[in-house]
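Note sheet for the following structure.
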Amino acid sequence: MWWELDGSPATIAQLREYLRDESVDAFAQVEGLRLKMWIADEERNRWGAVYLWESQEASRQPLPSRAREIIGKDPDFEEWFDLEASVEGVYGEAQLARLGAAFAGA
């Protein structure tokens with residue numbers, strides 16, 4: 001899903017603060033959530049997220065998110081896909097949690 005932030009009172013910088021202060025910790029406790037990645041495109045002023053769920057049932061639960069409230073509207077784009085395959089490649093950073101611009105310099 002993603003939001004077009006033009007016309008929203010929210011900025012990408014404010015949403016990054018929301019991630020650090022609240023959202024990342026809240027989503028770390030969600031049962032059945034395998035992975036959530038928050039994404040941003042500063043050039044196009046977009047904010048969004050990609051979720052990987054253990055099951056469709058898990059994806060239907062209420063989520064601890066205030067993004068709609070902060071941004072002031074529902075997402076402009078929201079789609080569901082089936083996972084066809086997954087793989088973990090060779091990597092140097094073992095922990096994926098708390099990486100990204102929201103935690104840079106934090």
Quiz item: trypsin sites (Lys or Arg not before Pro) within the stretch 35-67: which are DSSP loop residues with at most 13 other Cβ atoms inside 10 Å?
Solution: Arg44, Arg60, Arg66
Quiz item: From the backbone phi of the stretch 85-99, what are the Karplus-calculated ³J(HN,Hα) couplings (6.51 cos²θ - 1.76 cosθ + 1.60, θ = phi - 60°) in whole Hz, Gly and Pro given as x?
Solution: 6, 8, 7, 10, x, 7, 9, x, 9, 5, 8, 8, 5, 6, 9
Exercise. Just subtract the alpha-carbon distance of Leu35 and Asp21 from 0.36 nm times their residue separation and send over the number in nm, one decimal.
Key: 3.2 nm
Self-check item: Portion, in percent, of the accessible area of the chain that falls on carbon or sulfur, probe 1.4 Å
Solution: 48
Practice problem: Among Gly89, Gly48, Gly32, determine the one that fluctuates most according to a GNM of the chain built with springs between C-alpha atoms less than 10 Å apart. | Solution: Gly89
Quiz item: For Arg68 and Ser86 in the same chain, what is the full-extension length gain: residue separation times 0.36 nm, less their Cα-Cα distance, in nm?
Solution: 3.5 nm
Practice problem: As a check on your grasp of the helix formula, calculate [θ] at 222 nm for the chain: sum -39500 (n - 2.57) over DSSP H runs of n ≥ 4, divide by the residue count, round to the nearest 500. | Solution: -3500 deg cm²/dmol
Quiz item: In percent, what relative contact order does the chain have, based on Cα pairs under 8 Å that are 6 or more apart in sequence?
Solution: 37
Self-check item: Other-chain or far-sequence residues with amide H under 5 Å of Arg34's (modelled H)
Solution: Leu52, Trp53, Glu54
Quiz item: What are the semi-axes of the equivalent ellipsoid of the chain, taken as the square roots of 5 times the eigenvalues of the Cα gyration tensor, listed largest first and rounded to whole Å?
Solution: 22, 18, 14
Self-check item: Two-site FRET efficiency, Arg98 against Asp76, from Cβ-Cβ distance with R₀ of 22 Å, rounded to 0.05
Solution: 0.20
Practice problem: With a 1.4 Å probe and every protein chain left in place, work out the accessible area per residue of the chain in Å², rounded to a whole number. | Solution: 73
Self-check item: Fluctuation leader among Glu79, Glu54, Glu31 - the chain, Gaussian network, Cα springs under 10 angstrom
Solution: Glu79
Quiz item: About its Cα centre, what dipole magnitude does the chain give when the only charges are +1 on Lys and Arg Cβ and -1 on Asp and Glu Cβ, stated in debye to the nearest 20?
Solution: 280
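The values are calculated or read from the model by the stated rules, or taken from the named source; none is laboratory data. Computed from a prediction, not measured in an experiment: that's the story for all the values here. All Cβ positions, even for glycine, are placed from backbone atoms using ideal geometry, and neighbour counts span all protein chains on display. These accessible areas exclude ligands, DNA and RNA; they are computed on the full protein's heavy atoms, side chains included. Shrake-Rupley method; radii C 1.70, N 1.55, O 1.52, S 1.80 Å.
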